[in-house]
Amino acid sequence: MDEGLRWRRSSYCDRACLEAAFEPDRARVHLRDSRQPGGTARLTFPAAAWSLFIAATTAD
């Protein structure tokens, strides 16, 4: 399930964080709890929806 995914977390994270990974073709982004990296619980979004979310949360 995680083949080809490169998980990343914020450099501001020190304990419990979300990790994000784009699929190799960048079609979808996956989010998971950093405390359970081997778990199957995650959220998956189309890349376009993720981009809209990021734009909305970082807008002034």
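For this structure, a couple of remarks:
- Among the protein heavy atoms of the chain, carbon and sulfur supply 54% of the accessible surface, probe 1.4 Å, non-protein parts ignored.
- Three principal axis lengths of the chain [C-alpha, angstrom, descending]: 34, 28, 17
- Extension gain (nm, one decimal) between residue 12 and residue 57, 0.36 nm per residue minus Cα-Cα: 14.5 nm
- The string of couplings for the range 28-45 from the Karplus curve (6.51, -1.76, 1.60, θ = phi - 60°) is 9, 10, 10, 10, 8, 7, 5, 6, 9, x, x, x, 9, 6, 6, 10, 10, 10 Hz, one whole number per residue in order, with x for Gly and Pro.
- Stretch in the chain that is longest and holds no chymotrypsin sites (Phe, Trp or Tyr not before Pro) that DSSP places in a loop and that have at most 15 other beta carbons within 10 Å: 13-60
The values are calculated or read from the model by the stated rules, or taken from the named source; none is laboratory data. The structure presented is a predicted model; accordingly, all values stated were derived computationally and were not measured. Every residue, glycine among them, receives a Cβ derived from its backbone with ideal geometry; neighbour counts consider all protein chains shown. Ligands, DNA and RNA are excluded from the accessible area calculation, which covers all protein heavy atoms including side chains. Shrake-Rupley method; radii C 1.70, N 1.55, O 1.52, S 1.80 Å.
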